[in-house]
Structures are given as C-alpha cells and as structure tokens.
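Reading through the structure tokens given below for one structure.
The values are calculated or read from the model by the stated rules, or taken from the named source; none is laboratory data. Quick caveat: nothing in here was measured; it's all calculated off a predicted structure. Using ideal geometry, Cβ is built from the backbone for each residue, glycine included, and neighbour counts are taken over all protein chains shown.
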C-alpha cells in the first residue's frame, strides 16, 4: 500500500437500519453488509451501491472516494470470486491515520506523482503538498480518494459519481467538476468513463486504483498470476519512485511483459535497479495502444490471468500509460475484508494514466486542461475464464 500522509477526517456516523444494496435484508454476493457503509462524512451521505448483470458479475462501490469495494466474477467452475482487495466497512476507508489506503479509489485530481509537488500553470509556480517521498502523490493527502462523490444510480448496471473540487483544493488551481461513470456490461466488463472541466487552467489525471487478485486466495502473494503488458517502453524512476524523464525500451529487462509470464519469474530480480528501488513492480509502461496522441481502447493494453481459477482480466484504455503496482507496501498488519491480512505483493494494480510527473516533463503527454475544454478518459476491465 502506498504510504500517505496521515489525514484525520471529521466523521459523524448515522447508522441506518440494515438494507442491502442487492436486496432487502441480504448481504452482497461478496459478503458485504451495506449497513457498514451507511454514514455521514463531511455532511454528505455515504452508501454502498451494487451493480450487477445476468452473467454473475457484481461490483460494489462506495461514493466515499468512488471506491470499488468488491468485484465478483465467476471462476472456471462458476464459483463467484471477489477479485479486489479492500475493507468491509467505511470506518477503515475513512480512517487515514490508522488504515491509510487507496484501495479501489477513483483517484484525482492528479494520479501518481508530481516531482517535489511543484507545477507551473499559466507561468505561475505552484507548490502542492508533498505526501510521498518528497513528492505529491494522488492529488495530495486529502485527494479525491478521501472525498465524497455525489452518487446517482439510474439502473442496476450504472453508477454516476460527481465531485466538485474547489479552486485551491490541495493547492491545485481551478474549480474542477469531475464525473466518474461505472457501468457493468453484459459481457462481464467493468467500464469506467471519466470527465472533467475547469474554470482555470489546471492539470488532470484520473484513474482507478483497484488492487486485483484473481486467485481467490488473498492470504498469499499473487505472484503466480500471469501478466501481459502491450508496451515496448517504460519510464525509469529513481529511488523515490520519481520518473527521470527518460523513456527506455523494456527489451532485455525484467520489465518486458510483451511475452506474458508469471510475476514470480522476474519480480525478485534485484540485480535490475528498477526492481530493487521499487521492491517489485511500481512503474509506468508506455502503451503501444497510444499512437499520435490518441489511445485505441479496442486493443488489449494489459492482461492478468490466474491459472488456478481460470479468471482472466483484460484492460482497455485511451490513456498513454499504465502504472503496474504489485502491492509492495502491503505488510499483513491491517485486516481487510473478512479479516484477511493482505501480505506483500498480494495484488496487482493496473492504473491507466498520463505518465508520472507529466506536468514537468515536456516530452510526456500533456495533462493540462483549460477552461472550455473537456477532459475525457476511458478504461475498461473485461473478465472471462479460460
């Protein structure tokens, strides 16, 4: 789990009578009690919402941080399997002092790191919070993963989340209105659409931070999972996880996943400085699906496969990069859903994104957004069995 600066949120609890998001008096398929999410934070109601289809897929989402709490899909034997890490109550999500996490969050205003928390917008140098190894991570200590989205669920398969981020939020310029739409498709795809507008020039880089484990056993490292990344290049990072500005080929390195292979084959190769510095994988790959300033979301950008369950995840995106993070900071100290203590490298995050520190790297795709423009991004996670 990436370390975040402690943040104490004011939280008043208004416990409601037990009403399940998937039906009165019932737990969700993933075993969640929706009553454990009914509360008030920052004077806004929090709930657990359930999306589902007729093919065995269920996704439970809280509007606190726009977080995917559980994601159930059938394994090769038809058994419903929760494939994401998380907590089974709102208290742990909100208590950033004792259980800091970005589990499943809709990250904003800027996903990943900004060097020394410094950006230049409109010729003005701006200092952002420095909450991770001297850099600004995921929008600062009170980024959108710790804020409340307004939620509307128009039907059983769709959830619309909206957040209004004021000018100066974590010192980012511009009042931004952002929207995240989660949709469960009939083919067991979780579709995520992002939109944002601003009244002043700013930077925007939104993503989802789900921690995937497709094995059905989150008590063990997920390094048996087979990873594929459709990328010839990556952006090297230093020992503080900050991109250097270089773009280098993956060939001849443990970062080459053009030929899919189990993570355990290369994740421990500390002879390669990038693996040593990150204690595993925590890197941005430059996707081959992004060409001439446009991403092709009809081509697989990355995939993950668990041989024991047969569950396969394919990722599609319009974004130029994907951050693959293998849960290197998980340490088994904090209990997640159903009391499970997640060990190091229990999961894989596939975070679609602009390259890290793009505001300060002119050779990277631009994250700047001006008034009158609309930021749009699309990412889809398609599940199947084989």
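For region 15-28, the criterion of being crowded, with 19+ Cβ neighbours inside 10 Å, closer than 24 Å to residue 160 by Cβ and modelled with pLDDT of 50 or more is satisfied by at least one residue. Checking each residue in region 167-183 for being part of a strand (DSSP E or B) and either surrounded by fewer than 16 Cβ atoms within 10 Å (Cβ to Cβ) or under 17 Å from the mean Cα position of the chain (by Cα) (or both) picks out 177, 178, 179, 180, 181, 182, 183.
If you go through region 131-166 and pick out every residue that is in a loop (DSSP other than H, G, I, E, B) and closer than 23 Å to residue 66 by Cα, you end up with 12.
Against the test of being at pLDDT 95 or above, in contact with a helix residue (DSSP H, G or I) (Cβ under 9 Å, 6 or more places away or on another chain) and on the phi > 0 side of the Ramachandran plot, the options 205, 171, 188 yield a single qualifying residue, 171. May I ask you to list the residues in region 356-378 that are crowded, with 16+ Cβ neighbours inside 10 Å and not in a loop (DSSP other than H, G, I, E, B)? Once the filter is applied, which keeps residues that are crowded, with 16+ Cβ neighbours inside 10 Å and not in a loop (DSSP other than H, G, I, E, B), region 356-378 yields 358, 359, 360, 368, 369, 375, 377, 378.
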